[in-house]
């Protein structure tokens, strides 16, 4: 039996990441276009496009939460790791990084549970919908649940990577790019 590939090189991992990148790009472009069109229609033509505010709001919610999941994937979200810059002991830095990941897993896991079991479930059973286009309220809320699940999974993965750093299946580690900060862990 051959050696398993690192998770970063599996098809599912690549598909999910690529899907997030494409969706973020397309939704951002569509959102900017809708806002650009809305302004002259409203202020020059003195009319509005039916339901566009609802679509803009729902798309903004999807971008916000999907962007959070993508930030968790690439670890580019805001974090308070200033302690790592003051502590010079490598073992202490590893413990701090592990604690940071555990806290993130617990917080995102709680948000994932709450967003699915409480908020999304309630939204589905209540049967509410938007005023103009009658889009079910669970549609924008579903991205919250999906994103918190993805954030939790990515944080679990990053915790795993603290203990087992990534080595490409070809065995050759790529050097850090110029200007890229090398992790203290």
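Figure legend. Inter-residue proximity from the range 10-24: first residues without any contact (Cβ under 8 Å) to a residue 12 or more places away in the chain, second residues part of a helix (DSSP H, G or I) and surrounded by 10 or more Cβ atoms within 10 Å (Cβ to Cβ), beta-carbon distance below 7 Å, spacing 6+ or different chains. Indicated pairs: 13/7. For the range 27-35, the count of residues that are more than 24 Å from residue 150 (Cβ to Cβ) and surrounded by 11 or more Cβ atoms within 10 Å (Cβ to Cβ) is nonzero.
Of these, 115, 142, 76, which one is free of Cβ contacts under 8 Å to residues at least 60 places away in the same chain, out of contact with any helix residue (DSSP H, G or I) (no Cβ under 6 Å at 6 or more places or on another chain), surrounded by 18 or more Cβ atoms within 10 Å (Cβ to Cβ) and closer than 20 Å to residue 16 by Cβ? Full working, then the answer.
Values: 115 fails: out of contact with any helix residue (DSSP H, G or I) (no Cβ under 6 Å at 6 or more places or on another chain); 76 fails: surrounded by 18 or more Cβ atoms within 10 Å (Cβ to Cβ).
Just one listed residue meets the conditions, 142.
The test for being at pLDDT 95 or above and under 30 Å from residue 130 (Cα atoms) holds for residue 21. Given the condition surrounded by 11 or more Cβ atoms within 10 Å (Cβ to Cβ), over 25 Å from residue 168 (Cα atoms) and in contact (Cβ under 8 Å) with a residue 24 or more places away in the chain, answer yes or no: does some residue in the range 84-102 qualify? Within the range 84-102, one or more residues are surrounded by 11 or more Cβ atoms within 10 Å (Cβ to Cβ), over 25 Å from residue 168 (Cα atoms) and in contact (Cβ under 8 Å) with a residue 24 or more places away in the chain.
Right, residue 61: farther than 14 Å from residue 158 by Cβ, more than 18 Å from the chain's Cα centre (by Cα), at pLDDT 90 or above and part of a helix (DSSP H, G or I) or not? No; evaluated as a whole, the condition is false for this residue.
Quickly run through the range 79-89 and pick out the residues that are at pLDDT 75 or above and in a loop (DSSP other than H, G, I, E, B). Let's see the steps before the verdict.
From the range 79-89, those at pLDDT 75 or above are 82-83, 85-89; that's our starting set.
Once the filter is applied, which keeps residues that are at pLDDT 75 or above and in a loop (DSSP other than H, G, I, E, B), the range 79-89 yields 82, 87, 88, 89.
The values are calculated or read from the model by the stated rules, or taken from the named source; none is laboratory data. Because the structure is a prediction, the values reported are computed rather than measured. For neighbour counting, all protein chains shown are included, and Cβ atoms are generated from backbone atoms with ideal geometry for every residue, glycine included.
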